[in-house]
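The structure appears right after this line, and notes come after that.
The values are calculated or read from the model by the stated rules, or taken from the named source; none is laboratory data. All values derive from a computational prediction rather than experimental measurement. Cβ sites come from the backbone with ideal geometry, for glycine too, and all protein chains shown count toward neighbours. The accessibility values were calculated without ligands, DNA or RNA, using every heavy atom of the protein model including side chains. Shrake-Rupley method; radii C 1.70, N 1.55, O 1.52, S 1.80 Å.
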Amino acid sequence: MAVDSILSSPLGPPACEKDAKALQFIEEMTRNADSVQENVLAQILRRNADTEYLKSFNLDGVTDRESFKSKIPMVTYEDLQPFIQRIADGDRSPILSSHPVSEFLTSSGTSAGERKLMPTIKEELDRRQLLYSLLMPVMNLYVNGLDKGKGLYFLFIKSETKTPGGLLARPVLTSYYKSDHFKSRPHDPYNVYTSPNEAILCPDSFQSMYTQMLCGLYDRHQVLRVGAIFASGLLRAIRFLQLNWRQLADDIRAGSLNPKVTDPDIITCMTRILRPDPELADFIASECSKEKWEGIITRIWPNTKYLDVIVTGAMAQYIPTLDYYSGGLPKACTMYASSECYFGLNLNPMCKPSEVSYTIMPNMAYFEFLPHDSEAGAAAPPQLVDLADVEVGKEYELVITTYAGLYRYHVGDILRVTGFHNAAPQFQFVRRKNVLLSIDSDKTDEAELQAAVESSSRLLKGFDTSVVEYTSYADTSTIPGHYVVYWELLAREPTAGPTAEVMGRCCLEMEESLNSVYRQCRVADGSIGALEIRVVRNGTFEELMDYAISRGASINQYKVPRCVSFTPITELLDSRVVSTHFSPSLPHWAPDRRRC
Ligand code: AMP
């Protein structure tokens, strides 16, 4: 097949021979989605036949789909936790995987308030690398000339811990950035970053961000794309510029490095980059001192063709703010991945955010889909559907079987099929199951919010006051965003109600009760602002119910929504606020709070 017919594209043929191979690979995988899946499953089952887990279900070495589906149950993290804990404690026998577990990837999904530990094996890095290697060849089909400049990407590592058995536990991106796959990547003109590895690999988030921003400013004319993993991360970088542009401009003027940057590797590498550039310093100072920051991204980096950030799922809330700062640049959502497994990529990355669909790559793992519709719940247990058999328009929950030893594992994501590329379905990310509030990588569910309200409302007992109703809202109008919790209080003796100081402590107590990812975002990353309680006047939640009923809700079935985002409702709540309170300090967080 001619390389230019590989993917239909407004720009025509692949940019180079390497891209042609990558696109050819996508074609092969997606054309043969079903047979690739069959082989992947057989490979996983064959190599792991002697694991304690598969043996316990008497699979007896068979590798066909029917036996697999009839004998192996669907599971959640909690089902696997005893196995995972033994691995974390140092049991090296083949429990879930015949290949040794090389480390744990710490998911932003939590169990009992702590990050989930996902076992992984060495070769999974190659699989992740393979998916990464497909992204630029696809992007090059839609955007010309990306080899003529650089990408300004704000990339960070996070803290890592060791389990009692000595295995590292860290986020998947930290694992990737610290790997030779990333650190020693061969030069690729289509993938040159402004950020030096030393800055990305610095564990101190201020020093890392400062250096990455400084390098991005020096290279401002060469920058062709600006990105971060999630939209919230890019907005945090803009906020950082707002707070630190004076020092950055001073450094550029003098060719010096902020004394707060003390990391020796950064200092060494920056000696090659720093140079006095008074003209650039004046430009930065003049742009950043303007009151309006509208379009700041394109003003500072005028050759930016697109923003490379995920704006699907919970990140969609940041689209208007990104548009404001970038003058509406296209936002490319290139891939869909998790700690458990990297899933797939967007074959049309310059499409509108509302049209983003991810094509799951059938070579990454074995994928099954649990139909997700309310009617099915009542009847017989729904049957899982294979990748090639999903139906356009339907919603499914993703269930995966990985090389690293997760078998029929519920990821927790709900996806809608939008179409097919060859025989491989394409999915819109609908939402994560059970997530009520999310600002950055945090995910807070209804039970966690309820527990937080219960725990903090104990502080009101001494004032004979109780929380009669509550709801919440992820406020992203400020950077960083923060949780807002609306409380309606009932005080026996209204004149002796809780003081503002007590209400502040209630905010902090709620934060202390939220999961470790939330607290890490608050404390280590600064990516979530102080939690706010807005006390509303008595009767507000009844008005909320009246409003819902006026819009057709059934009076018998009405339940207070524990999270609201519909503007008329937040406006109604805000118009009834009698007092607002913020956490006076940071909650506790330490990387070693985990149970291992
Ligand atoms: P983690 O395990 O912490 O890496 O989080 C993985 C989860 O992040 C996925 O299961 C999704 O819920 C979410 N996620 C990852 N990529 C995307 C994407 N492109 N769009 C929307 N949500 C995503």
Practice task
Would you check if there is a residue in segment 297-307 being under 30 Å from Asp445 (Cβ atoms) and modelled with pLDDT of 95 or more?
Solution key: yes
Completion exercise
Going through (1) buried (at least 21 other Cβ atoms within 10 Å of the Cβ); (2) among the hydroxyl-bearing types (Ser, Thr, Tyr); (3) in contact (Cβ under 8 Å) with a residue 40 or more places away in the chain one by one, Tyr396 fails only at (3)
Fill in the blank from the handout: A careful count of residues in segment 307-358 that are open to solvent by 40 Å² or more (accessible area, probe 1.4 Å) and either more than 13 Å from the ligand (Cβ to nearest atom) or not in a strand (DSSP E or B) (or both) gives 14
Fill in the blank from the handout: Within segment 29-84, of all residues that are more than 29 Å from Leu134 (Cβ to Cβ) and of a type in the set (Lys, Arg), the one most open to solvent (accessible area, probe 1.4 Å) is Lys55
Practice task
List every residue pair whose Cβ atoms sit under 6 Å apart, with the two residues 6 or more apart in sequence or on different chains, where the first one lies in segment 161-175 and is more than 23 Å from Tyr342 (Cα to Cα) and the second, anywhere, is surrounded by fewer than 21 Cβ atoms within 10 Å (Cβ to Cβ) and among the acidic types (Asp, Glu).
Solution key: Pro164/Asp89; Gly165/Asp89
Practice task
Among residues belonging to segment 92-117 that are within 16 Å of the ligand (Cβ to nearest atom) and among the aliphatic types (A, V, I, L, M), point out the one that is nearest to Leu436 (Cα to Cα).
Solution key: Leu117
Practice task
Could you give me the residue pairs with C-beta distances under 6 Å whose first residue belongs to segment 26-54 and is without any contact (Cβ under 8 Å) to a residue 40 or more places away in the chain, whose second residue is buried (at least 16 other Cβ atoms within 10 Å of the Cβ) wherever it lies, and which are 6+ apart or on separate chains?
Solution key: Ala42/Thr63; Leu45/Thr63; Arg46/Thr63
Fill in the blank from the handout: Taking first residues from segment 329-340 that are of a type in the set (Ser, Thr, Tyr) and second residues anywhere that are more than 6 Å from the ligand (Cβ to nearest atom) and open to solvent by 20 Å² or more (accessible area, probe 1.4 Å), the pairs with Cβ under 6 Å that are 6 or more apart or on different chains are Thr334/Leu135
Handout entry: When residues of segment 233-290 are limited to those that are among the acidic types (Asp, Glu) and touching a residue at least 60 places away in the same chain (Cβ under 8 Å), the one surrounded by the fewest Cβ atoms within 10 Å (Cβ to Cβ)
Key = Asp265
Exercise for the section: For segment 85-100, name all the residues that are open to solvent by 60 Å² or more (accessible area, probe 1.4 Å) and out of contact with any helix residue (DSSP H, G or I) (no Cβ under 8 Å at 6 or more places or on another chain). Expected result: Arg86, Asp89, Arg92, Pro100
